[in-house]
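Engineer: Dropping a structure here in structure tokens format, bear with me for questions.
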Amino acid sequence: MGKQVSDKDNSILNASLHITPEEFDEAKMKAYKDNSERYPVPGFAQGMAQLADLQQIYGPAVLYDEALNIKVPELFSRYLQENHIKIMGAPTVESVSYDADGGVSFTVKADRFPDVKLGQYRGISVPFAREDKANFELEALRRACEQIEGYVPRHMVDQKLDQMMAQEKLRANGDSIYHLLADTVALLKKAYALVGISRPDAEVRADSMDIMLQSVSFENQEMPESFLVQQIVDQTGRYRKVPDDFTDQVNALVQERVKEKSEMKPEEMTEEIFKAYLGALKLDSEKDWREQRSMQAAQEAAFDILYENVAEEEKLTVTADELHQAYEDLASRYGVELDDIIANVDKELVTRDLIRQKARQLIIDSAVSEVPESSGQAAAGA
């Protein structure tokens, strides 16, 4: 494996590792065996040529990339295990240099899971009755986090924000009300332009929300096209006199909008819907959304640190039956076949999630309410 050096800077791991010449030659030969059909050598049966024969035909750098793809993950994984280091997300190879003796030196950069020291997490005292489930659980977890010595690194908060935003985009994209709002914004902006009205985007979104609130509710999330057209005509007329054929012009805009949407890529549609969603929250950008949710993301990242360390401390595991039940739950939730879930869902991710759930439940189950039992029952009855 060769020399290993690592350092930490703000929870970022930089690991400098070395592949010996012998290890690199072995990796190149393995790569050749796996890809022999791509490298035919005259006079040799497929896969039977030696490394020197390959280099003579294809050059000295033959199979370098393939060999690195074998050795870099292998050595870095071993390095993490031997040094008891946990990372988050995918590592990146920062630099590769080829030594004169045939070895290779490389540096890998990764976000490091923070080293913390657990405090009390069993028997946490909580100022809520257990019957007040949401508050009881949240406070038990929050107080357990307060006992931890360490901090939540910024990259964990950013990663949590990315996850939260992805989920929020999916929810907004699945809600017809935001599709309708996005249509209204697009149509109203074009209608204003037709008669020479210039209004800031924030005001166009506010005008669109006014139209929506006049005609749409949670029970009724549809708006007849003719009604929407009339609303846009009336809204535009509030700022400037519109021509006699303006209704026909807005009807043409509606058809143009239908065509535009049919040509949009799914990711483009998702971004437009999310922009309309942000407007409904009176937020101007994704940056504003991230700032608003930053404290929530920091708390959830702290919970992740708590669960991970409690699971390790308690040596929590998952049985085959529990894993199978989790697969069945996923299949039922998403309406797909169980075999498809098993084939396409990462077993390690499911296992890790189950272990974290166990850690969470252990903390909650062992927590103790500060509220006298009679008061708790009275509160529950109320």
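What follows is calculated from the coordinates using simple rules that are stated; it is not laboratory data. It should be emphasised that the depicted structure is a prediction, and the values quoted were computed from it without experimental measurement. Using ideal geometry, Cβ is built from the backbone for each residue, glycine included, and neighbour counts are taken over all protein chains shown.
Engineer: Calculate, for Tyr58 and Leu323, the FRET efficiency according to 1/(1 + (r/R0)^6) with r their C-beta to C-beta distance and R0 41 Å; round to the nearest 0.05.
Structural biologist: Once rounded, the FRET efficiency stands at 0.35.
Engineer: In segment 18-62, which GluC sites (Glu not before Pro) are in a loop and have at most 14 other Cβ atoms within 10 Å, using DSSP for the loop call?
Structural biologist: none
Engineer: OK, next. Could you give the distance between the Cα centres of segment 170-185 and segment 142-164, to the whole Å?
Structural biologist: 31
Engineer: Additional query: Once the piece of chain linking Asp339 and Asn14 is laid out straight, how much longer is it, given 0.36 nm per residue of separation minus the C-alpha distance between them?
Structural biologist: Answer, rounded to one decimal: 113.1 nm.
Engineer: Considering only DSSP states other than H, G, I, E and B, which chymotrypsin sites (Phe, Trp or Tyr not before Pro) in segment 207-292 qualify as loop sites with at most 16 other Cβ atoms within 10 Å?
Structural biologist: Details: sites: Phe218, Phe227, Tyr239, Phe246, Phe274, Tyr277, Trp289; in loops: Phe218, Tyr239.
Passing sites in segment 207-292 are Phe218, Tyr239.
Engineer: Between Glu267 and Gln120, what FRET efficiency follows from the Cβ-Cβ distance if R0 is 45 Å, with the result rounded to 0.05?
Structural biologist: 0.50
Engineer: Tell me, how many Å apart are the Cα centres for segment 273-348 and for segment 101-135?
Structural biologist: 16
Engineer: Which option, (1) 4, 14, 17, 19, 18, 15, 9, 3, 0; (2) 5, 23, 31, 24, 12, 4, 1, 0; (3) 5, 21, 27, 21, 15, 7, 3, 1, 0, is the value of P(r) over Cα pairs in 10 Å bins from 0, in percent that was calculated from these coordinates?
Structural biologist: (1)
Engineer: With the cut-off at 18 Å, tell me which of the pairs Lys190/Lys259; Lys30/Lys109; Lys169/Lys259; Lys28/Lys109 have Cα atoms farther apart than that. Intermediate results must be reported in sequence, preceding the final value.
Structural biologist: Working: Lys190/Lys259 15 Å; Lys30/Lys109 26 Å; Lys169/Lys259 23 Å; Lys28/Lys109 24 Å.
Exceeds cut-off: Lys30/Lys109; Lys169/Lys259; Lys28/Lys109.
Engineer: Now a separate question. Grab the Cα-Cα distance for Gln167 and Lys347, subtract it from 0.36 nm times how many residues apart they are, and report the gain in nm with one decimal.
Structural biologist: Residue separation times 0.36 nm, minus the Cα-Cα distance, leaves 62.7 nm.
Engineer: Okay, moving on. Distance in nm between label sites at Lys259 and Ser285, each 7 Å beyond Cα in the beta-carbon direction?
Structural biologist: About 3.3 nm, to one decimal.
Engineer: Test of understanding: in a Gaussian network model of the chain with alpha carbons linked when under 10 Å, which of Met269, Met223, Met48 would top the mean-square fluctuation ranking?
Structural biologist: Met48
Engineer: Percent relative contact order of the chain, based on C-alpha pairs within less than 8 angstrom and at least six residues apart?
Structural biologist: In percent, rounded to a whole number, it is 19.
Engineer: Label-point separation (nm) for Lys315 and Gln46, each offset 7 Å from Cα along Cα-to-Cβ?
Structural biologist: With each label placed 7 Å out from Cα toward Cβ, I get 4.9 nm.
Engineer: Just from its helices, what would the mean residue ellipticity at 222 nm be for the chain, if runs of 4 or more DSSP H residues each count -39500 (n - 2.57) and the sum is divided by every residue, rounded to the nearest 500 deg cm²/dmol?
Structural biologist: Only helices count here, giving -20500 deg cm²/dmol.
Engineer: Considering the chain as a Gaussian network with a 10 Å cut-off on Cα pairs, which listed residue, Gln56, Gln167, Gln299, attains the greatest mean-square fluctuation?
Structural biologist: With Cα springs under 10 Å in the chain, the top fluctuation among Gln56, Gln167, Gln299 is at Gln56.
Engineer: Which of the peptides 362-368, 135-141, 117-123 is most tightly packed, and how do the rest follow, judged by the mean count of other Cβ atoms within 10 Å per residue?
Structural biologist: 135-141, 362-368, 117-123
Engineer: Label 7 Å along Cα→Cβ of Lys109; segment 79-97 residues with amide nitrogen under 13 Å?
Structural biologist: Once the point is set 7 Å along Cα→Cβ of Lys109, 91-96 turn out to lie under 13 Å by backbone N, inside segment 79-97.
Engineer: Quick check: pseudo-label points 7 Å beyond the Cα along Cα→Cβ at Asn83 and Arg238, how many nm apart are they?
Structural biologist: With each label point 7 Å from Cα toward Cβ, the separation is 6.2 nm.
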